[in-house]
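The values are calculated or read from the model by the stated rules, or taken from the named source; none is laboratory data. Since the model is a prediction, treat every value here as computed from it, not as a measurement. Cβ placement follows ideal geometry from the backbone for every residue including glycine, while neighbour counts extend to all protein chains displayed.
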Amino acid sequence: MSERKVLNRYFPPDFDPKKLEESKKLLKKSKSNSRGGGYRKKKLLNIRMLYPFTIRCNGCEVYHYVGTKFNSKVEKVQSDSYLGIPIWRFYGRCTQCGNEIVFRTDPKSGDYILESGAKQNFNMNNKEVIKKKSEDDFESKVINSVLESRSMEELEILKNLNKRLMNREVTELNALKHILDDNEIIPEDQFITPTDNKCNEIISDRERQLITNSVRNCIDSFEENPKFQKKLGSCVVNSNGPKRPSAAVKVKEKNSKDLFFNYYDTESE
């Protein structure tokens, strides 16, 4: 066992320490080439890596589960960093088809981001999914509010219709009053309410007016007929008798309409 614990190391005679790649050179930015206009080739590190998430290869559609070991190459992303923390990019290959799979670190969320070569089975911190979900929630809220407002408007319309149907008699009386007042605008205070005592009075006045109008129309039509005028004159003369010709003459001079309505008024009283 003492032979395995070696304190001294063997250096061959052709050993050149300048040929060794220092780890600090990997962290430095790639310098521009003075001869050509481009940059020098990036230096990559070969390390043994584990898949941080379950992925499916785009080439052969084989699943690589989280924790699967693979040989990868690592480089530092020169154009991007987060609060001075460098971002590293890992290059790996599928064990079945050799397709290249690329992912990088994400110091902001403390996780890894898949870039190309495969599809991630589940991503908790997917910003696009979260944004889309928030937009869908906002749209659903707007739609629900619009539907609710429409339903409230429909309910108000139905309530107004029910009120009109319940107070149908009162609305008819208000309409009659509006017609009787020669289409004048009536203020709301003067409209009839269900508890108003003037309903019966307005109904009786309206009936009286309708009856009088109809009777006047009938009398006018009969007065135009000459036969009716002869009969009316003979009846008036016979009723008063031959001994009082002066009274019969006076009755003929009177209007038949006035006689009828005077009789109607006495009977109604």
List the number of the failed condition for residue 138; all other conditions in (1) part of a strand (DSSP E or B); (2) modelled with pLDDT under 90 hold. (1)
Might you let me know whether the stretch 73-89 holds any residue that is hydroxyl-bearing (Ser, Thr, Tyr) and within 22 Å of residue 122 (Cβ to Cβ)? no
Considering residues that are farther than 18 Å from residue 54 by Cβ and touching a Ser or Thr at 6+ places or on another chain (Cβ under 7 Å), the number found within the stretch 97-118 is 0
